[in-house]
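One structure is given here, and the rest of the page talks about it.
The values are calculated or read from the model by the stated rules, or taken from the named source; none is laboratory data. Everything numeric here is computed off the predicted structure, so don't read it as measured data. Neighbour counts are summed over all protein chains in view; Cβ atoms, including those assigned to glycine, are modelled from backbone coordinates with ideal geometry. We work out accessible area using only protein heavy atoms, side chains counted, and drop any ligands, DNA or RNA first. Shrake-Rupley method; radii C 1.70, N 1.55, O 1.52, S 1.80 Å.
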Amino acid sequence: MSKAAGMTQMGSAKPNAFENALEQLRIAAEYLKLEDGIHQMLAHPKSELTVSLPTKMDSGDVHVFTGYRVHYNDARGPTKGGIRYHPNVSLDEVKALAAWMTWKCSVADIPFGGAKGGIICDPKHMSQPELERMTRRYAAAIADFIGPYRDVPAPDVYTNAQVMAWIVDTYSQLKGYMVPEVITGKPIAIGGSLGRDKATGRGAVFCTVEAAKVKKMDLKKATFAVEGFGNAGANYAELLQGYGAKLTAASDSKGGVASRAGIDAAKLIAYKERTGSVVGMAGTQPISDSDLLKSEVDILCPAALENTITPDIAKGVRAKAIVECANGPTTPSSDKILDANGVFLVPDILANSGGVIVSYLEWVQNLNRLSWSEEEVNSKLETKITGAFRDVHAMATKNGTSMRTGAMMVGVGRVADAIRILGVFP
Ligand code: GLU
């Protein structure tokens, strides 16, 4: 066992996201009876880039940020995945997120491999001009590593359409011509797709509708809680409320709010836009993160960061279903506990694939100089993600596994098929 793995087991360090990703891969490889060589290939990222980003701060000082971009596997197509700005970004986290992107694109059956990027920074304490200078320096530093047929970035935690626009502009200035198809999640004015901003939440709602059919749950009578009221979580809440379900708790990085009578998601979104947090919303009581995750609801939606459902939390989860809008919120040991307790878990690589599915639709529109209506985009998203849910559910049912392992078997299995057909160079 590696030193890092030992530390995790002793509980002296936070679970390592990449070790979690490798453990999920190991389980899938065992079920799939994967050849050792292919398992080894899938346990190693194709390439990892670390860049230093000297950035002029408003004070006049120069701060050197560290950025990453990891291409995990490209057997099924150009690599794809978002860029995260967060103080806790690390190379291992980016590697894990890039691995999950590989399986996610494969489960969704879109012709992409997986990648991810990130910068260690605290965007909440940076001005817009500082963010722009850091972003443009990062775009220049990774310009030769990305490209419409090589690696296509997108937003992730604490990045947005504006950040994508700075990246497109920097990349295009370096090329000498406009290349909208190098990135997705752009503003509509420069080739972004209608429906992309809400796609992750919307996709997760389509998965919830399918999960409700499996669990024979009436969404009109269902209650739900959202951990992480950001882009994915807030859109999920508002759209699921449209099916009659009642939001009883929500949280963000500053705290959580709860109300048994229900919280209007649209009002909570407006309140958060005004005040910067869900905390203090009228008609609610404060709730801690662990109480929210263990609250008595039908559906729990972790939509924040990795490793929030630790084994201790997992033991206390009372939800019938978990829909993972976040990437990697549940550790492998927590998976075992939830599975044993009969919690129906829709895993991240399926539940939050709506974002990358609509990214794919954006890329296709850009490459073909097309522009589809929002209805057309949403209906293509529904077809794709519902098909993916059914593939995963069929795999899980056939093998008697959890939905996580079913999804990993579908995702990893398709990448392994591609590798077998391609062969190993030279
Ligand atoms: N960051 C999102 C994810 O984790 C979207 C990635 C993309 O659209 O490429 O799936």
Which members of region 254-294 meet the condition of being under 20 Å from residue 232 (Cβ atoms) and open to solvent by 80 Å² or more (accessible area, probe 1.4 Å)? 254, 267, 273
Would you mind stating whether residue 92 is open to solvent by 20 Å² or more (accessible area, probe 1.4 Å), acidic (Asp, Glu), within 11 Å of the ligand (Cβ to nearest atom) and within 26 Å of residue 307 (Cβ to Cβ)? no
For a quick check of your reading of the model, give me the residue pairs whose first member lies in region 223-248 and is within 13 Å of residue 264 (Cβ to Cβ), whose second is assigned to a loop (DSSP other than H, G, I, E, B) and charged (D, E, K, R), with beta-carbon atoms closer than 7 Å and at least 6 apart or on different chains. 248/260
Just checking, does region 126-134 include any residue being touching a strand residue (DSSP E or B) at 6+ places or on another chain (Cβ under 7 Å) and either buried (at least 24 other Cβ atoms within 10 Å of the Cβ) or closer than 24 Å to residue 229 by Cβ (or both)? yes
Looking only at region 295-321, and only at residues there that are among the aliphatic types (A, V, I, L, M) and over 18 Å from residue 402 (Cβ atoms), the one that is surrounded by the fewest Cβ atoms within 10 Å (Cβ to Cβ): 305
Based on this model, can you work out whether residue 203 counts as within 13 Å of the ligand (Cβ to nearest atom), open to solvent by less than 30 Å² (accessible area, probe 1.4 Å), outside any helix (DSSP H, G or I) and out of contact with any strand residue (DSSP E or B) (no Cβ under 6 Å at 6 or more places or on another chain)? no
Being closer than 29 Å to residue 364 by Cβ, assigned to a loop (DSSP other than H, G, I, E, B) and more than 14 Å from the ligand (Cβ to nearest atom) is the filter here, so list the residues in region 115-149 that pass it. 143, 144, 145, 149
Flag if residue 61 is more than 14 Å from the ligand (Cβ to nearest atom), surrounded by fewer than 24 Cβ atoms within 10 Å (Cβ to Cβ) and without any contact (Cβ under 8 Å) to a residue 60 or more places away in the chain: yes
What about residue 76, is it part of a loop (DSSP other than H, G, I, E, B), at pLDDT 95 or above and within 15 Å of the ligand (Cβ to nearest atom)? yes
Here is a list: 198, 216, 186. Which entry is surrounded by fewer than 15 Cβ atoms within 10 Å (Cβ to Cβ) and not polar (S, T, N, Q)? 216
Among residues of region 163-183 being part of a loop (DSSP other than H, G, I, E, B) and more than 16 Å from the ligand (Cβ to nearest atom), the residue most open to solvent (accessible area, probe 1.4 Å) is 177
Region 105-114 - residue that is out of contact with any strand residue (DSSP E or B) (no Cβ under 7 Å at 6 or more places or on another chain) and within 14 Å of the ligand (Cβ to nearest atom) and, of those, farthest from residue 387 (Cα to Cα): 111
Suppose we filter 362, 374, 324 for residues that are under 28 Å from residue 154 (Cα atoms), in contact (Cβ under 8 Å) with a residue 12 or more places away in the chain and surrounded by fewer than 17 Cβ atoms within 10 Å (Cβ to Cβ); which single one remains? 374
Within region 331-358, restricting attention to residues that are more than 16 Å from residue 206 (Cβ to Cβ) and open to solvent by less than 10 Å² (accessible area, probe 1.4 Å), which residue is farthest from the ligand (Cβ to nearest atom)? 338
For region 211-245, enumerate the residues that are closer than 22 Å to residue 101 by Cβ and assigned to a helix (DSSP H, G or I). 231, 232, 233, 235, 236
How many residues, within region 81-114, are in contact with a Gly (Cβ under 8 Å, 6 or more places away or on another chain) and in a helix (DSSP H, G or I)? 14
Say we look at region 377-401 and pick out the residues that are surrounded by fewer than 16 Cβ atoms within 10 Å (Cβ to Cβ) and in contact (Cβ under 8 Å) with a residue 60 or more places away in the chain; which of these is farthest from the ligand (Cβ to nearest atom)? 399
